[in-house]
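To start, the structure under review is shown below, and the notes come after it.
Coordinate-derived values only; no laboratory data. In this text, all values refer to a predicted model and were calculated from it rather than measured experimentally. Note that we place each Cβ from the backbone using ideal geometry, even for glycine, and neighbour counts take in every protein chain shown.
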Amino acid sequence: MTILVICAIAIGALAGFWLLPQEAVGYLDTVTTAALCLMLVGIGLDLGSRRETWARLRALGWRVLLIPLLIAVGSLVGAVVGGFLLGLPVNESSAIGAGFGWYSLSGVLLAKIYSVETGALAFMTNVSREVIAFVLIPVLAVKLGYLVAISPGGATTMDTTLPLISKATDADTTIIAMVSGTALSAMVPLLVPLLIRI
């Protein structure tokens, strides 16, 4: 699975650079959104047919929210440590880390309320997180367990990385990943502006 993901990204990057006509670039967002929606419908159908999985999730109750909470804490601590090594102030590094992989929102928010440079750094950092997640999720699922495989995706586990998690893990983990991604996505618009003002 990891090899397939890396090959797909590499082929896409090479095709985009060498083969894609410039006039087709404007349609890429629509095509990728449609493809993602189609995959998510398929996952939804699969999850909806597994009633026992939903029953187990209800049995877990509020404890399922510990996963996104721990992912958020780990992301913020890692961002602050990385920022310290790079000489970034704590408010900037923590706000960038609070994007949790949602690059389109975190980058725009920071560009508007703080600075264009920090917004650009947030965008690049969170795009990198998503790309790295595509490579790590299958490896972590095999080596360290299904729940660990949720963490690299951050907020993206409710959309772009959910199909990969569904393929690399099981139905229970896929539902937990969806809950985790939703909770982290809800935190982004609250934490990014809060942390940048510290």
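Descriptive notes on the structure:
- Among A24, A141, A72, the residue with the largest mean-square fluctuation in a Gaussian network model of the chain, with springs joining Cα atoms closer than 10 Å, is A24.
- Shape parameters for segment 102-198, alpha-carbon atoms, Rg then Dmax in Å: 14.2, 41
- Selection from F84, V142, L60, by position along the positive dipole direction of segment 49-150 (Cβ): L60
- Sequence of K112, K167 once ranked by neighbouring C-beta atoms within 10 Å, starting from the fewest: K112, K167
- MRE, 222 nm, helices only [DSSP H, n ≥ 4, -39500 (n - 2.57), over the chain, to nearest 500]: -25000 deg cm²/dmol
- Residue of L85, L162, L147 that the Gaussian network model of the chain assigns the largest fluctuation, springs spanning Cα pairs under 10 Å: L85
- Applying Stokes-Einstein at 20 °C and 1.002 mPa s to the Kirkwood radius of the chain, computed over alpha-carbon pairs, gives a translational diffusion coefficient of 121 µm² s⁻¹.
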